[in-house]
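Okay, so here's the structure we're looking at.
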Amino acid sequence: MVSRSIKLLIILIGFLFSQNLQSQNEVYTNEIEDSIKIRRINFGLKLGIPNVIGGSIEILPPILNNKIAPFLDFSGLNIDIDDVGTDFSYLEYGANFYFNEKGNGFFVSLGQGKFNTDLNFYNLEFNENGQSTIGDASTNLKFGTTNIKTGIKTGGTFFFRFEVGYGFGSIQKTVEFNATANGISDSFTEEIPPIPGVNSGGILIGNIGFGLSF
């Protein structure tokens, strides 16, 4: 009787062990399948230069062995420094080229960056025919860059991205404009306020991103 009970116990333990092993194998298999699944739409956020903080979307079409992924980044920011207010917006579009065929891992990127900045100058001194007054004025600054980057992106449902590069373009250091206040007109030349990563020869690019893949 004892021997039969021991046999039943051994059979039960073996059954439970095999079920646990099977469950672990299923979890491991699902993790592998999830990691190699090709995800074609990525939504996320980017933090860094020149984006500061903004949204990002990337699409991986089923062409060219899943290596080319068009993307669009966009952001906006308002900064007030001393007597200058800056309403800054940035748009970048282009394509990422992945070295593997799953839309993740190492990549190089080629794109176009578009800057649109409204500059608001406060406490300007207007002079005309011996008369003077204090007023405000606004003007607009636009410029574009050709961006080359390299980076890495993780796979899975939740992704992490890191990229660095440079945007080539000619960017002016000052802005000239005419303004009128209280009936007095004057011409002004003002320095462009600091914009993160921007210099006269282009822009430094360095950001991190994260989001969801589908």
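The numbers here are math on the coordinates, done by the rules we state, and not lab data. Every value quoted in this text rests on a predicted model; they were computed, and no experiment measured them. Cβ placement follows ideal geometry from the backbone for every residue including glycine, while neighbour counts extend to all protein chains displayed.
Table for the structure above
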read-out: Potential lengthening between residue 123 and residue 106 on full extension [0.36 nm per residue; Cα-Cα distance subtracted]; value: 1.2 nm
read-out: Label-to-label distance, nm, for residues given as residue 114 and residue 199 (7 Å Cα→Cβ offset); value: 2.7
read-out: FRET efficiency, residue 142 to residue 212 (Cβ-Cβ, R0 35 Å, nearest 0.05); value: 0.60
read-out: Volume per residue that the Cα convex hull of region 50-106 spans, once the total is divided by residue count, Å³; value: 76
read-out: Residue 40 long-range amide H proximity, modeled H, under 5 Å; value: 214
read-out: Net lengthening on full extension, residue 63/residue 99 (0.36 nm per residue, minus Cα-Cα); value: 11.6 nm
read-out: Sorted largest first, extent of region 39-213 alpha carbons per principal axis (Å); value: 71, 26, 21
